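K.L.:
Let me give you the structure first, and then I'll get to my questions.
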Amino acid sequence: MKLSPLQIARYEYKPKLPGMLRNGIAEISVKVGEKTSSVADQEKIAALFPNTYGKEEITFEKGENTSVAKVRKVGVILSGGQAPGGHNVICGLYDALKATNKENELYGFKGGPSGLINDDYVVFDDEFINQYRNTGGFDIIGSGRTKLEKEEQFEVVVEVCKKHGITAIVIIGGDDSNTNAAVLAEYCAAHNTGIQVIGCPKTIDGDLKNEDIECSFGFDTATKTYSELIGNIERDANSAKKYWHFIKVMGRSASHVALECALKTQPNICLVGEEVADKKMSLSRIADYIADSVNARADKGDNFGVAIIPEGIVEFVPEFSVLIAEINELLAGKKTDEFNALPSWEEKYAFIEKGLTPESMKVFAILPVGIQQQLFLERDPHGNVQVSLIESEKLFSALVKDKLAARKKAGTYKGKFSPLHHFFGYEGRCAFPSNFDADYCYSLGYNACMLIQYGYTGYLSKVSNLSKPAEQWVAGGMPITKMMNIERRNGEDKPVIRKALVELDGNPFKYFCAHRESWAVNTEFTYPGAIQYYGPAEVCDITTVTLALEKE
């Protein structure tokens, strides 16, 4: 396989570790902090996790390593969607294991959690690992979305681990995957299996964070990748001066990606789902908000612009959420077959009109036909609408077009509106990790090894103080149960890690609010350009704008 010059150069990059992890394995000690409690539903979470709940947070510092010296075999899996830097978590874990004892072994289970259940693995060595240092993607062992949540699965996992002499598992994943890690850790502790479970915080969506986890890995690289593309589109828009670009970006449950890209590129419009929900904004009101910008810019002779739309925006619109719930009920059970058997859209429309409340039908009626039909396409495994398949960028451009047509008829709008549409998703999930993500992920993996060495289980690998240079980063661990609450999932109360939404009283959103009126009317685009890997630290090692503002 022929390698590009950048690939070759990145293989040679030496990730930066937090200061206390640079001392050498023999000089890393543990400082034990306060006992923890869950973010909510303390009694219920404590009852579900009697063996792993309420443990202390810990930090690593320079001092004598007092852990028990023994040969360790560790398993690792990549779980869920890809995120830049995942390979470096594995590389950091591998390097720390080998630095501790050359006889230590790391098993990579293929295809995500299913690889652990099916005993499908590779034992890493230097030659294998060196092919993936500082590279994007999860192709080192692949990923998967199988959930580890049933007792019979845990029994299989324990048997597989015992077969190979594995005494620790590292699960690299998002909120659901680390919830599964906590449940598996509790099972292993309750049954005295001797198997530790450690999690690592991954998701480009940025919704796995809290006062302890400042940033999930992959968010930095993905938002820089999207922002480069958005900046390129902004420059093209400002050159051609005739198109409005509606750009949907990743973020099903939270708008962190959209907000970060807006802070980097200063578009005319950026919707933030959390604000939409807080203000109970209707589709019509959102369309008017965008149309106001189009109209104001047209009055200045600028018939072009850029709008950023979060992937899950429609789920934040109260009236749309009600509509979705009614559609799910409308097609429950055998009614789906009855609906699909209708030969024409006209007959299906009549079926829908008969089944929805008048309020939801009003919402449904204003949707473009293409969006209406998307709501009745393939269902998810639970029979629900797959909201992520809705082309919200096209939905809002169509609604804005209707608003502008009405304004033109009333004589209040005289411009031209030519929309173009984009969706940036997979483009960012496997990009070459930025220096920040390369360093952060390597540190998470190295740190996970230290948690294993000191006997912790049910902990998340934690690296904080991330807005500072890597030398000042602080490494340690926190019990996963600290992040958990009880939520209703598929008709049952389940312990899950609480998703972190955009905080409307936080510095990043406040900064956005302070500038968006000017951005909406004027052309104040900024062009971040491509991710830089070599050069001054202020160019190559910068964190996200979100993180910088949060730490002001």
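The values are calculated or read from the model by the stated rules, or taken from the named source; none is laboratory data. This structure is a prediction, so every number in the text was calculated from the model and none was measured. Ideal geometry is used to build each Cβ from the backbone, glycine not excepted, and the neighbour counts take in all protein chains shown. To get the accessible areas, we keep the full protein, side chains included, count just its heavy atoms, and leave off ligands, DNA and RNA. Shrake-Rupley method; radii C 1.70, N 1.55, O 1.52, S 1.80 Å.
K.L.:
Of the conditions (1) in a helix (DSSP H, G or I); (2) of a type in the set (A, V, I, L, M); (3) more than 18 Å from L444 (Cα to Cα), L93 fails just one. Which one is it?
P.N.:
The failed condition is (3).
K.L.:
For residues that are under 15 Å from S79 (Cα atoms), assigned to a helix (DSSP H, G or I) and touching a helix residue (DSSP H, G or I) at 6+ places or on another chain (Cβ under 8 Å), tally how many sit in the range 108-132.
P.N.:
3
K.L.:
Let me ask you something else. Could you grab me the full set of residues in the range 422-442 that are open to solvent by less than 10 Å² (accessible area, probe 1.4 Å) and farther than 14 Å from L21 by Cα?
P.N.:
Across the range 422-442, the qualifying residues are G425, G428, P433, S434, N435, F436, D437, A438.
K.L.:
Please name all residue pairs, on different chains or six or more residues apart, with Cβ atoms under 6 Å, provided the first residue is in the range 355-379 and is touching a residue at least 40 places away in the same chain (Cβ under 8 Å) and the second residue is assigned to a helix (DSSP H, G or I) and among the charged types (D, E, K, R).
P.N.:
S360/E326; V363/E319
K.L.:
Among the residues of the range 66-84, what is the count of those that are in contact with a strand residue (DSSP E or B) (Cβ under 6 Å, 6 or more places away or on another chain) and not in a strand (DSSP E or B)?
P.N.:
Number satisfying all stated conditions: 2.
K.L.:
Quick one: is K224 buried (at least 24 other Cβ atoms within 10 Å of the Cβ), touching a residue at least 60 places away in the same chain (Cβ under 8 Å) and part of a helix (DSSP H, G or I)?
P.N.:
Taking the combined requirement at face value, the residue satisfies it.
K.L.:
For the condition outside any helix (DSSP H, G or I), open to solvent by 10 Å² or more (accessible area, probe 1.4 Å) and among the charged types (D, E, K, R), what is the one hit in D207, D212, D236?
P.N.:
D212
K.L.:
Note down all Cβ pairs under 8 Å where the first residue falls in the range 146-166 and is without any contact (Cβ under 8 Å) to a residue 12 or more places away in the chain and closer than 15 Å to F109 by Cα, the second is of a type outside the set (S, T, Y) and in a helix (DSSP H, G or I), and they're at least six residues apart or on different chains.
P.N.:
Close Cβ pairs (under 8 Å, with a partner that is of a type outside the set (S, T, Y) and in a helix (DSSP H, G or I)) do not exist here.
K.L.:
Give the residue, chosen from E315, E347, that is in a helix (DSSP H, G or I) and without any contact (Cβ under 8 Å) to a residue 60 or more places away in the chain.
P.N.:
Selected residue: E347, the only one of E315, E347 that is in a helix (DSSP H, G or I) and without any contact (Cβ under 8 Å) to a residue 60 or more places away in the chain.
K.L.:
Do we have any residue at all in the range 55-65 that's in a helix (DSSP H, G or I) and in contact with a strand residue (DSSP E or B) (Cβ under 7 Å, 6 or more places away or on another chain)?
P.N.:
No - not one qualifying residue is present in the range 55-65.
K.L.:
Additional query: Among the residues of the range 364-385, is there at least one that is of a type outside the set (A, V, I, L, M, F, W, C), open to solvent by less than 20 Å² (accessible area, probe 1.4 Å), modelled with pLDDT of 95 or more and outside any loop (DSSP other than H, G, I, E, B)?
P.N.:
no
Yes/no per residue for (1) hydrophobic (A, V, I, L, M, F, W, C); (2) open to solvent by 30 Å² or more (accessible area, probe 1.4 Å); (3) modelled with pLDDT under 95; (4) in a helix (DSSP H, G or I):
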position: L444; (1), (2), (3), (4): yes, no, no, yes
position: N447; (1), (2), (3), (4): no, no, no, yes
position: L460; (1), (2), (3), (4): yes, no, no, no
position: L466; (1), (2), (3), (4): yes, no, no, no
position: M478; (1), (2), (3), (4): yes, no, no, no
position: T481; (1), (2), (3), (4): no, no, no, yes
position: E487; (1), (2), (3), (4): no, yes, yes, no
position: V502; (1), (2), (3), (4): yes, no, no, no
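K.L.:
Taking D292 as the residue in question, decide whether it is out of contact with any Phe, Trp or Tyr (no Cβ under 9 Å at 6 or more places or on another chain), acidic (D, E) and surrounded by fewer than 21 Cβ atoms within 10 Å (Cβ to Cβ).
P.N.:
In short, yes.
Residue by residue, here is whether (1) open to solvent by 20 Å² or more (accessible area, probe 1.4 Å); (2) in contact with a strand residue (DSSP E or B) (Cβ under 7 Å, 6 or more places away or on another chain); (3) closer than 21 Å to P419 by Cβ; (4) modelled with pLDDT of 95 or more holds:
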{"residue": "N268", "(1), (2), (3), (4)": "no, yes, yes, yes"}
{"residue": "A296", "(1), (2), (3), (4)": "yes, no, yes, yes"}
{"residue": "V306", "(1), (2), (3), (4)": "no, yes, yes, yes"}
{"residue": "P310", "(1), (2), (3), (4)": "no, yes, yes, yes"}
{"residue": "S321", "(1), (2), (3), (4)": "yes, no, no, no"}
{"residue": "L331", "(1), (2), (3), (4)": "no, no, no, no"}
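K.L.:
Going by the structure shown, is N134 in contact (Cβ under 8 Å) with a residue 40 or more places away in the chain, among the polar types (S, T, N, Q) and crowded, with 20+ Cβ neighbours inside 10 Å?
P.N.:
When the stated conditions are applied, N134 passes them.
K.L.:
Given the conditions (1) open to solvent by less than 10 Å² (accessible area, probe 1.4 Å); (2) out of contact with any Leu (no Cβ under 8 Å at 6 or more places or on another chain); (3) free of Cβ contacts under 8 Å to residues at least 60 places away in the same chain, and given that G411 satisfies all but one, which numbered condition is not satisfied?
P.N.:
(1)
K.L.:
Determine whether the range 239-252 contains at least one residue that is among the aromatic types (F, W, Y), touching a Phe, Trp or Tyr at 6+ places or on another chain (Cβ under 8 Å) and within 21 Å of C513 (Cα to Cα).
P.N.:
yes
K.L.:
Among the listed residues E56, E27, E43, E61, identify the single one that is exposed (fewer than 12 other Cβ atoms within 10 Å of the Cβ) and over 25 Å from the mean Cα position of the chain (by Cα).
P.N.:
E43
K.L.:
When you look at V272, is it at pLDDT 95 or above, touching a Phe, Trp or Tyr at 6+ places or on another chain (Cβ under 9 Å), surrounded by 24 or more Cβ atoms within 10 Å (Cβ to Cβ) and over 15 Å from H421 (Cα atoms), yes or no?
P.N.:
For V272, the condition - at pLDDT 95 or above, touching a Phe, Trp or Tyr at 6+ places or on another chain (Cβ under 9 Å), surrounded by 24 or more Cβ atoms within 10 Å (Cβ to Cβ) and over 15 Å from H421 (Cα atoms) - is met.
K.L.:
What residue, among those in the range 534-552 that are open to solvent by less than 30 Å² (accessible area, probe 1.4 Å) and out of contact with any Asp or Glu (no Cβ under 8 Å at 6 or more places or on another chain), is nearest to T225 (Cα to Cα)?
P.N.:
So, considering only residues that are open to solvent by less than 30 Å² (accessible area, probe 1.4 Å) and out of contact with any Asp or Glu (no Cβ under 8 Å at 6 or more places or on another chain), the one nearest to T225 (Cα to Cα) is C540.
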